[in-house]
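Below: the structure, in structure tokens.
Each reported figure results from applying straightforward, stated rules to the coordinates on display, with no laboratory input. All values reported here derive from a predicted model rather than from experimental measurement. As a convention, Cβ positions derive from the backbone with ideal geometry for all residues, glycine included, and neighbour counts pool all protein chains shown.
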Amino acid sequence: MSRLICLIALLFVASAQAEVRVLTSIKPLQLIAAAVQDGVGAPEVLLPPGASPHHYALRPSDVRRVRDADLLYWVGADLENFLPRVLNNRQKPQVAVQDLPGMALRHFGDSHEEHAGHGEDHADEDLGHDHDHRPGSLDAHLWLSPVNAKVIAARMAADLSALDAANAARYAANLQAFEQRLDALDGRIRPQLAALQGKPYFVFHEAFDYFEAAYGLKHAGVFSVLTEVQPGARHVAAMRERLQAAGPSCVFSEPPLRPRLAETLTAGLPVKLAELDALGGSLPVDATAYPLLLENLANGLSECLNSL
């Protein structure tokens, strides 16, 4: 009987060791990890819902989670500038995905090849950027590129297999399934988004360039304002002039907050206000959620622009 108890205890320890504790900085990376770990483990995320990765204050419990996770994935210092100091004391593996080989990185001010010449058509009023979007600086919203998502998933699968060889075949199969889901998504939304080319829309946050570049879209302008700051009358007038010149258009904000400026800016104009969620805040964390993040962007763009 004692041997049986020991055997059960050993099996329990082995199974407990098999689940690798994965921590990601932001939810989109958690969604990619969830696809790779499907059926084996459940990745955790550092930032709570609604928190901005551009300026987050770590709590003592966050510091402990960063220290204890077996694998940690973050975008890099260009996005989560609150993390490097804590990561200096971390002993276990950590990956800044912006540094992975094969990542297709963009910089602010890059024009989309499909829209050569549109780079000048940009309404980026300097009304107080809440993070570094200066021309030439890295655009860290890299998770909105399907190509980059595949690179990130492949690295996660390799890292997990190295720490948990018993489940290596499962991680490889999950990676293949993830890539297939993304390819299927591409087939669905590419013609959907091609029909939107030329329809004007504006954004309050320049977060979608990777997605736009992948599908041949380009926003007509960026109204970069802090949600808690009301800009001066001259700036509001200049932005309204851009909207008037564009004619019927959409202006997209991001949840959970819509800038107070939005209603003032669009009052009396043929403009519709809508939301695009770059972080997938409302999505469940499962193997199918990351493609749904991209599909929701496509549907949000289509719903508003097709209604003009």
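To the nearest 20 Debye, how big is the dipole of the range 160-296 about its Cα centre, given +1 on the beta carbon of each Lys and Arg and -1 on that of each Asp and Glu?
500 debye
Can you compute the FRET efficiency between residue 57 and residue 190 using 1/(1 + (r/R0)^6), with r the Cβ-Cβ distance and R0 = 45 Å? Round to the nearest 0.05.
0.65
Going by C-beta contacts inside 10 Å, put 150, 92 in order with the fewest on the left.
Ascending number of Cβ neighbours within 10 Å: 92, 150.
Sort 24, 266 so the one with the fewest other Cβ atoms within 10 Å of its own Cβ comes first.
Ascending Cβ contact count within 10 Å gives the list 266, 24.
So who's got an amide H within less than 5 Å of the one on residue 272, skipping anything under 5 residues away but keeping other chains? H placed 1.01 Å off N, in plane.
It is 249, 250, 251, by chain and number.
Using 26 Å as the Cα-Cα cut-off, could you pick out the over-long pairs in 150/199; 218/272; 150/272; 150/218?
Among 150/199; 218/272; 150/272; 150/218, the Cα-Cα distance tops 26 Å for 150/199; 150/272.
Relative to the present Cα-Cα distance, how much length would full extension add between residue 40 and residue 180 at 0.36 nm per residue of separation?
48.4 nm
Mind listing the long-range amide H neighbours of residue 73? Cut-off is under 5 Å, sequence gap 5 or more, other chains count too, H placed in the peptide plane at 1.01 Å from N.
Those lying under 5 Å, H to H, from residue 73 are 23, 24, 25, 95.
So, in nm, how far is label residue 88 from label residue 233 when the simple model puts each one 7 Å beyond its Cα toward the Cβ?
My value for the distance between the label points is 4.9 nm.
For 210, 56, what's the fewest-to-most ordering of other Cβ within 10 Å of each Cβ?
56, 210
Please list 3J(HN,Hα) in residue order for the range 257-274, calculated via the Karplus relation 6.51 cos²θ - 1.76 cosθ + 1.60 where θ = phi - 60°; whole Hz, with x for glycine and proline.
10, 9, x, 4, 5, 4, 5, 4, 5, 9, 4, x, 9, x, 10, 10, 9, 8
What list of ³J(HN,Hα) values in whole Hz, one per residue of the range 89-102 in order, does the Karplus curve 6.51 cos²θ - 1.76 cosθ + 1.60 (θ = phi - 60°) give from phi, with Gly and Pro shown as x?
9, 8, 9, 8, x, 9, 10, 8, 5, 5, 9, 5, x, x
Per-residue HN-Hα couplings for the range 287-303, Karplus 6.51 cos²θ - 1.76 cosθ + 1.60 at θ = phi - 60°, whole Hz, x for Gly and Pro?
Whole-Hz 3J(HN,Hα) from phi for the range 287-303: 5, 9, 6, 4, x, 5, 4, 5, 5, 5, 5, 4, 5, x, 4, 5, 4.
Calculate the length of the line joining the C-alpha centroid of the range 236-281 to that of the range 63-105, in whole Å.
Their Cα centres are 34 Å away from one another.
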